[in-house]
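Here, each number is a calculation from the coordinates, and none is a lab measurement. In this text, all values refer to a predicted model and were calculated from it rather than measured experimentally. As a convention, Cβ positions derive from the backbone with ideal geometry for all residues, glycine included, and neighbour counts pool all protein chains shown.
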């Protein structure tokens with residue numbers, strides 16, 4: 001036994017080292033992948049938005065198709081696969097056709113959540129009006145629960161009103177909606193990628209970001225605004241080029257006649 005312990009410990013150490021190295025590669029791959037997808041959405045979301053919906057709809061449709069196949073007692077795996085593929089393709093096509101509605105729903109949910117959060121922040125003054133114990137530091141969840149306990153009705157009404165208003169506005173401004181929502185999603189993915197990579201490669205940077213939430217939040221919204229401005233500029237330029245091309249095409253017959 002004593003002669004085998006060093007060998008066992010050395011083998012365990014190598015296994016742990018190999019696992020940690022594999023975990024590092026997985027974390028790095030996922031983080032870089034999220035960063036790439038986030039950057040694409042942030043910069044070119046107005047062009048890629050339908051492809052994004054298809055990519056999201058396909059796995060959801062496959063899972064939904066599997067549930068449907070199980071509910072209708074499809075026995076053979078070929079028919080289960082055919083059912084899943086059919087539902088996935090149908091959902092992807094539906095997402096492409098109803099892209100304006102899908103992005104309007106996402107925009108309405110986002111605006112409603114932000115509006116409710118703002119109302120909740122105002123409610124915190126009432127929630128923590130009394131003296132608090134020395135050294136007491138509530139978590140974000142405790143803040144949210146306290147705001148909800150005091151102003152749940154006001155937050156609900158605000159969410160519904162803001163969501164409905166944003167949905168109606170988004171239906172009339174589909175391109176602006178796509179630009180705003182994809183910029184927000186892209187910035188969120190970049191934020192998650194930076195957080196994931198920081199856990200493994202720069203824990204001190206993650207601790208600093210968590211300790212300065214105001215700066216982190218400001219940087220996040222600055223990235224969102226940068227994406228919105230960049231995409232908006234590209235959209236205006238594309239419209240101007242299309243208008244000039246249409247004008248040249250309209251003037252070409254006149255020039256030929258002259």
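Okay, here's what the table says:
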{"quantity": "Two-site label geometry, residue 222 and residue 80: point separation in nm, points 7 Å out along Cα→Cβ", "calculated": "5.2"}
{"quantity": "Cα gyration tensor category, rounded, prolate or oblate, for region 155-258 with a/c compared to 1.5", "calculated": "oblate"}
{"quantity": "Relative contact order, percent, region 131-251 [alpha-carbon distance under 8 Å, six or more residues apart]", "calculated": "23"}
{"quantity": "Whole-angstrom Cα spans of region 52-99 along principal axes, big to small", "calculated": "34, 14, 12"}
{"quantity": "Label-point separation in nm, residue 215 to residue 201, each point 7 Å along Cα→Cβ", "calculated": "2.1"}
{"quantity": "Least to most buried among 84, 188, 152 (fewest other Cβ within 10 Å first)", "calculated": "152, 188, 84"}
{"quantity": "Residues 244, 235, sorted so that the one with the fewest Cβ neighbours within 10 Å comes first", "calculated": "244, 235"}
{"quantity": "Full-stretch length increase - residue 73, residue 142 - with 0.36 nm per residue and alpha-carbon distance subtracted", "calculated": "20.3 nm"}
